[in-house]
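Okay, structure first, notes after.
The values are calculated or read from the model by the stated rules, or taken from the named source; none is laboratory data. Predicted model only: the values in this text are computed from it and were never measured. Counting neighbours? That spans all protein chains shown, and the Cβs are built from the backbone with ideal geometry, glycine included. All accessible areas refer to the heavy atoms of the entire protein, side chains included, with ligands and DNA or RNA removed. Shrake-Rupley method; radii C 1.70, N 1.55, O 1.52, S 1.80 Å.
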Amino acid sequence: MHLKLSDAFKSHPVNLQLKHPDFNSLHELPDSYAWTNNDDYYPSFLTSFGADDSVPVIDLSDTNALKLTGHACKTWGVFQVTNHGIQQKLLDDIESAGKSLFSLPVQQKLKAARSPDGISGYGFARISSFFKKLMWSEGFTIVGSPVDHFSQLWPQDYDKFCNIIEEYEKEMKMLAGRLMWLMLGSLGISMEDIKWAGSKGEFKGASAALQFNSYPACPEPDRAMGLAAHTDSTLLTILYQSNTSGLQVLREGTGWVTVPPMPGALVINVGDLFHILSNGLYPSVLHRAVVNRTQHRLSIAYLFGPPASIQISPLSKLVGPSHPPLYRPISWNEYLGTKAKHFNKALSSVRLCAPLNSLVDVNDHNSVKVG
Ligand SMILES: C=C1C[C@]23C[C@@]1(O)CC[C@H]2[C@@]12CCC[C@@](C)(C(=O)O1)[C@H]2[C@@H]3C(=O)O
Ligand SMILES: O=C(O)CCC(=O)C(=O)O
Ligand SMILES: [Fe+2]
């Protein structure tokens, strides 16, 4: 059956409280936003202070980029890229579109609210339903044309904003294709191994979502959570975090490591579907966003995946008698449904064989070994 990405949640509606707060009017943290270690699956005390362990940075114009990418994916599941070819003007434009969106009055934003069984629109992060406490953030998801929602938000000049989104998605898709071939190439996979990438390997039928995350300045940042720890249900994610820090990744043996903003750089992370494709060789990195007392933070994630209904399974070249397939085939749509139901147990629910030593399986998020 040919399903679109936007159909993913039709059978998994989620009813999140739609009464969004006006964050600017809150001068102390309401109890509903105050997190303790018991409210999160991955405790905060694991934060690493000044650890000598930093997320790799890869210059995409480096002749060694393929090897560096493979090493970063294998050892971290996340890296930053420079010389990626995305113009700073476009990054500035998408950032100001995001700022303009979130600074609209709450009542206006709610006109573009995401419906319980929908994928696009304004609202809390979908994973919010798995937590007792609220996250100190708002989000806006775009899948397909944003024109209906944008004409609600900006009746006069929605066109201008639609054009920026279109341009950004076009450029991100090209960069995602380039990164896919670096990541696949580092595993010895070539174009003929990925039929759905198309004859020129341009990933024409790929699906994607664009996610704007807004984290207002917070009166008690140490007790709040911007976006709770999660892995992305993607092949890969390209994140622009501009110049405000907040993104952290969980590093085995170290704890939470901050991904420092670098001017013009983009953060790339391996997602759950690439972890499946690589038969577990590349970890889908657990990450979260923390907030701060003085600065508003905006991040823009391009969540890249395969055509919504094609089956993703461990690549045959990576499977053999001593490397049995670790996951059953699954489409992106089905996986999003699984994530909507099982959240951090989604990957293990698709797993075929139990890890040899579940204590050291970084993608069995019930058994992450840290510290
Ligand atoms: C394609 C998607 C991945 C995502 C759910 C979504 O339908 C669109 C938003 C994405 C996002 C962004 C913030 C974190 C996250 C876990 C969430 O709640 O919404 C991811 C979802 C995901 O990767 O599973
Ligand atoms: O805001 C960030 O840095 C993280 C955002 C994120 O993880 C996401 O959108 O999936
Ligand atoms: Fe994420």
If only one of 145, 115, 54 is over 25 Å from residue 258 (Cβ atoms), out of contact with any Cys (no Cβ under 8 Å at 6 or more places or on another chain) and open to solvent by 20 Å² or more (accessible area, probe 1.4 Å), which one is it? 115
Hey, can you tell me all the residues within the stretch 29-59 that are assigned to a strand (DSSP E or B) and either of a type outside the set (S, T, N, Q) or modelled with pLDDT of 95 or more (or both)? 57, 58, 59
Only one of 298, 281 is of a type in the set (A, V, I, L, M, F, W, C), touching a helix residue (DSSP H, G or I) at 6+ places or on another chain (Cβ under 7 Å) and more than 13 Å from ligand 2 (Cβ to nearest atom). Can you tell me which? 281
Which ones in the stretch 191-228 are open to solvent by less than 20 Å² (accessible area, probe 1.4 Å) and within 16 Å of ligand 3 (Cβ to nearest atom)? 209, 210, 212, 213, 214, 215, 225, 226, 228
Only one of 299, 284, 214 is within 16 Å of ligand 1 (Cβ to nearest atom), of a type outside the set (A, V, I, L, M) and under 20 Å from residue 74 (Cβ atoms). Can you tell me which? 284
Does at least one position in the stretch 245-256 carry a residue that is modelled with pLDDT under 95, within 16 Å of ligand 2 (Cβ to nearest atom), open to solvent by less than 10 Å² (accessible area, probe 1.4 Å) and touching a strand residue (DSSP E or B) at 6+ places or on another chain (Cβ under 8 Å)? yes
Return the residue satisfying two criteria in turn: it lies in the stretch 203-228 and is aromatic (Phe, Trp, Tyr) and part of a strand (DSSP E or B), and of such residues it is nearest to ligand 2 (Cβ to nearest atom). 215
Does residue 184 meet the test of being out of contact with any helix residue (DSSP H, G or I) (no Cβ under 8 Å at 6 or more places or on another chain) and either modelled with pLDDT of 95 or more or within 16 Å of ligand 3 (Cβ to nearest atom) (or both)? no
Among residues of the stretch 229-243 being open to solvent by less than 10 Å² (accessible area, probe 1.4 Å) and part of a loop (DSSP other than H, G, I, E, B), the residue farthest from ligand 1 (Cβ to nearest atom) is 241
Please verify whether residue 99 is open to solvent by 20 Å² or more (accessible area, probe 1.4 Å) and touching a His at 6+ places or on another chain (Cβ under 9 Å), treating the condition exactly as stated. yes
Can you list residue pairs whose Cβ atoms sit under 7 Å apart, with the first residue in the stretch 308-323 being within 26 Å of residue 204 (Cα to Cα) and in contact (Cβ under 8 Å) with a residue 40 or more places away in the chain and the second being open to solvent by 40 Å² or more (accessible area, probe 1.4 Å) and basic (Lys, Arg)? Count only pairs 6 or more apart in sequence or on different chains. 308/4
Quick check: anything in the stretch 265-276 open to solvent by 10 Å² or more (accessible area, probe 1.4 Å), closer than 24 Å to residue 311 by Cα and away from ligand 2 (no atom under 14 Å from the Cβ)? no
